[in-house]
Amino acid sequence: MEMKPTHIDYGALEAARFGISRSPKWPHVEKAHRRLQPNCVACIPGTNTQAGLQVHHIFPFHYCIALGRPDLELDQRNLITLCQDEPGKPGQDHHLLICHLDDFQSSNLLVVTDAQQTFYGLPADQIRQNAIWLQEEASRLKPLDQMTQEDKDNFINQMNTRFPKL
Ligand SMILES: [Zn+2]
């Protein structure tokens, strides 16, 4: 696999493909989340202490905006912190591997269970060989423009069931 630069905001790039950009309130909400959840949820505390960190949307924000729940971009319930390799800040790439199943154009809606249980404490090389991960990677969320109406209805249903409107 090619090495990707990691200082790029991949979430914003993917959203931009659909003409959607982050709310001006996002930096404030992201900062608040870093205070609430300052470490990678998938890393054993005290390990990977050099790692860069990403605040990730469980339901990706551009899907939320496109599919009727723009409030979830700024809702703490929809956020989770995972480590990401950055220059000089090695981690286990849990953001790329667990949140996005190795493709920033896709996302993993099982990220919470996967980070807290299924892949908890596993280094990147073990995740890449894990049978459950390989299976999930093959059935990951489609990019917005490849979803059928049924895919969208399923997504909307999951989003509203998990995070009812406040
Ligand atoms: Zn981690």
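The values are calculated or read from the model by the stated rules, or taken from the named source; none is laboratory data. Since the model is a prediction, treat every value here as computed from it, not as a measurement. Neighbour counts run over all protein chains shown; Cβ positions are idealised from the backbone, glycine included.
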Query - Check on L53, closer than 25 Å to S139 by Cα and either buried (at least 22 other Cβ atoms within 10 Å of the Cβ) or not β-branched (V, I, T) (or both) - result: no
Query raised in the report: Do we have L122 as more than 12 Å from V41 (Cα to Cα) and of a type in the set (A, V, I, L, M) here?
Result: no
Query raised in the report: Only one residue in I58, I65 is more than 15 Å from the chain's Cα centre (by Cα), away from the ligand (no atom under 15 Å from the Cβ) and within 27 Å of N154 (Cα to Cα), so which one is that?
Result: I65
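Results for (1) touching an Asp or Glu at 6+ places or on another chain (Cβ under 9 Å); (2) touching a residue at least 12 places away in the same chain (Cβ under 8 Å), shown as yes or no for each residue.
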| position | (1), (2) |
| --- | --- |
| I65 | yes, yes |
| G68 | no, yes |
| T81 | no, yes |
| H94 | no, yes |
| Q105 | yes, yes |
| Q117 | no, no |
| G121 | no, yes |
| D125 | no, no |
| A131 | no, no |
Requested in this report: Please work out which one of (1) assigned to a helix (DSSP H, G or I); (2) at pLDDT below 95; (3) surrounded by 17 or more Cβ atoms within 10 Å (Cβ to Cβ) is the condition D114 fails and give its number.
Outcome: (2)
Report task. Mind counting the residues in region 7-51 that are without any contact (Cβ under 8 Å) to a residue 12 or more places away in the chain, under 17 Å from the mean Cα position of the chain (by Cα) and within 16 Å of the ligand (Cβ to nearest atom)? Result -> 0
Report task. Could you please let me know if Y120 is of a type in the set (F, W, Y) and assigned to a helix (DSSP H, G or I)? Result -> no
**Report entry** Residue check, L96 out of contact with any Cys (no Cβ under 8 Å at 6 or more places or on another chain) and in a loop (DSSP other than H, G, I, E, B)
**Finding:** no
Query raised in the report: Out of the residues in region 76-100 that are over 14 Å from the mean Cα position of the chain (by Cα) and farther than 15 Å from Q116 by Cα, which is surrounded by the most Cβ atoms within 10 Å (Cβ to Cβ)?
Result: G91
Query raised in the report: Among (1) more than 16 Å from the ligand (Cβ to nearest atom); (2) touching a Ser or Thr at 6+ places or on another chain (Cβ under 7 Å), which single condition is E86 missing?
Result: (1)
Query raised in the report: Within region 20-78, how many residues turn out to be in a loop (DSSP other than H, G, I, E, B) and among the aromatic types (F, W, Y)?
Result: 1
Requested in this report: Identify the residue in region 93-107 that is closer than 12 Å to H57 by Cβ and of a type outside the set (S, T, N, Q) and, among all such residues, is farthest from the ligand (Cβ to nearest atom).
Outcome: H100
Query raised in the report: Taking region 136-153, which residues are within 18 Å of the chain's Cα centre (by Cα) and either part of a helix (DSSP H, G or I) or surrounded by 13 or more Cβ atoms within 10 Å (Cβ to Cβ) (or both)?
Result: E136, E137, A138, R140, L141, K142, P143, L144
